[in-house]
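Engineer: Take this structure first; my questions come after.
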Amino acid sequence: MKREWISQALNMLEERHISETAAFDPGAIQGPPERIVPMKKKRVFSLALAAVLMLALGVAAYAAWNIHAAKQQELKEDFRILENNADSYVEFAVPDDQEAGLVLLSAVNDGQEQRVFVNISPVSEEEAAAFPDKVRFTWNIEGTSVGGNAAPQLPVGQSLSGDDAIRAAVLAHAYDRETQTLTLQCFLDVDLIQTAMAELGTDAVPLSVRMIVGDEEPRTFGPVSFALTEEQSRYFDFGPIVYHDEELDRDMEIVGLELTPFSAVWKVHYEGDAAFHTPEADQAAYEPWSVLEDKVCIEAKLVFSDGSTFSTGGALTCPYEDGTVNLCCAWGGAINIEDVQRIVLGDLVLWEA
């Protein structure tokens with residue numbers, strides 16, 4: 001029920017009707033014949049009952065809307081969106097009359113993955129607390145075989161060990177007991193979504209979320225219509241620059257850096273790199289190059305206008321594509337990619353504004 005409907009209905013009730021229902025006094029009724037009295041009492045009672053029902057429905061609808069809006073604000077603050085100019089972070093309008101199902105909150109496209117944040121309800125506290133050992137979540141594009149994993153959304157940078165710690169964090173940060181709402185992050189592979197779009201012949205795909213409890217039939221929330229959001233990126237061309245590592249006595253060309261508010265791809269090249277990134281690669285021979293790849297990702301620093309620095313962290317994947325090894329990194333809170341002034345690796349300046 002929409003909040004404006006509730007407000008309009010309550011505004012139509014006269015104050016005397018509400019006060020009369022608080023303590024009914026037959027002696028206060030003046031003038032009308034006796035046979036009219038039961039009708040008036042019935043009318044007053046009906047109005048009061050309607051008010052109570054509408055208030056109850058309104059409280060439930062408002063609580064559902066409020067948890068969506070509150071979670072959007074919480075996500076925005078956790079990801080440092082406002083302070084870091086992350087234009088690629090998209091927030092969706094939340095329905096004000098939906099008390100259950102699947103609600104889109106926000107999304108961000110980092111080029112490799114489309115991260116989509118949603119609320120699902122109703123989810124019991126026992127079900128929420130059973131993640132990850134007895135309950136798991138997936139996302140699916142209805143009408144296709146495209147899908148992937150989802151998980152409760154926890155604060156950025158939180159490190160947990162053990163199921164008990166995970167359960168406590170889920171209930172504390174991702175679950176609302178009053179509305180039985182659980183907040184999830186869905187990890188949508190951009191290439192897979194584009195495949196689904198081509199298969200369905202549409203730019204907006206029907207996204208659903210499934211909760212799998214043990215061997216039970218999965219419970220489906222949704223679908224809702226979802227379209228890929230735009231990626232915000234900045235590319236730094238290094239020339240390339242040759243980096244010599246004294247400890248390993250090896251040279252690596254650092255070709256460029258593709259940067260988004262939430263991710264980075266370092267493009268590097270070195271002798272034999274194509275062969276090292278195949279299933280048949282000699283892992284022993286690749287090991288020193290792997291160490292050097294991590295060194296570039298972790299020890300290189302982005303320098304901002306206020307003098308602060310940022311490391312992209314170690315690579316999560318490192319595919320070989322288009323003549324370079326692409327070291328793909330990702331993190332939680334957004335950075336302002338337009339404010340990068342210098343990029344350095346030790347004493348080596350890779351780029352400067």
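Engineer: Would you point out the residue of segment 230-251, among those that are surrounded by 17 or more Cβ atoms within 10 Å (Cβ to Cβ) and assigned to a loop (DSSP other than H, G, I, E, B), that is farthest from the chain's Cα centre (by Cα)?
Structural biologist: S233
Engineer: Would you check if S161 is hydroxyl-bearing (S, T, Y) and either within 13 Å of F131 (Cα to Cα) or assigned to a strand (DSSP E or B) (or both)?
Structural biologist: It is false that S161 is hydroxyl-bearing (S, T, Y) and either within 13 Å of F131 (Cα to Cα) or assigned to a strand (DSSP E or B) (or both).
Engineer: Farther than 23 Å from N149 by Cβ and open to solvent by less than 40 Å² (accessible area, probe 1.4 Å): which single residue out of G256, G201 fits that description?
Structural biologist: Result: G256 is the single residue among G256, G201 that is farther than 23 Å from N149 by Cβ and open to solvent by less than 40 Å² (accessible area, probe 1.4 Å).
Engineer: Quick one: Y286 ticks every box in (1) open to solvent by 30 Å² or more (accessible area, probe 1.4 Å); (2) without any contact (Cβ under 8 Å) to a residue 24 or more places away in the chain; (3) within 20 Å of D249 (Cβ to Cβ) except a single one, so which number is it?
Structural biologist: Condition not satisfied by Y286: (1).
Engineer: Moving on. For segment 198-208, which residues satisfy the criterion of being more than 23 Å from G111 (Cβ to Cβ) and within 20 Å of the chain's Cα centre (by Cα)?
Structural biologist: P206, S208
Engineer: Could you list all residues from segment 218-229 that are within 15 Å of the chain's Cα centre (by Cα) and outside any strand (DSSP E or B)?
Structural biologist: Within segment 218-229, L228, T229 meet the criteria.
Engineer: Of all residues in segment 110-158 being touching an Asp or Glu at 6+ places or on another chain (Cβ under 6 Å) and not in a strand (DSSP E or B), which is modelled with the lowest pLDDT?
Structural biologist: Step by step, filter segment 110-158, then rank; the result is G111.
Engineer: For the subset of segment 252-262 comprising residues that are more than 22 Å from the chain's Cα centre (by Cα) and not charged (D, E, K, R), which member is farthest from E142 (Cα to Cα)?
Structural biologist: M252
Engineer: Would you be able to say whether some residue in segment 332-339 is more than 24 Å from S88 (Cα to Cα) and either open to solvent by 20 Å² or more (accessible area, probe 1.4 Å) or in a strand (DSSP E or B) (or both)?
Structural biologist: no
Engineer: Moving on. Would you confirm whether or not segment 205-212 contains a residue that is not in a strand (DSSP E or B) and not β-branched (V, I, T)?
Structural biologist: There is no residue in segment 205-212 that is not in a strand (DSSP E or B) and not β-branched (V, I, T).
Engineer: Answer yes or no: is there a residue in segment 168-178 that is open to solvent by 40 Å² or more (accessible area, probe 1.4 Å), more than 17 Å from F221 (Cβ to Cβ) and not in a helix (DSSP H, G or I).
Structural biologist: Within segment 168-178, one or more residues are open to solvent by 40 Å² or more (accessible area, probe 1.4 Å), more than 17 Å from F221 (Cβ to Cβ) and not in a helix (DSSP H, G or I).
The values are calculated or read from the model by the stated rules, or taken from the named source; none is laboratory data. As the structure is a prediction and not an experimental result, all values here were calculated from the model. No Cβ is skipped: glycine too gets one built from the backbone with ideal geometry, and neighbour counts run over all protein chains shown. What goes into the accessible areas is simple: the full protein's heavy atoms, side chains included, and nothing from ligands, DNA or RNA. Shrake-Rupley method; radii C 1.70, N 1.55, O 1.52, S 1.80 Å.
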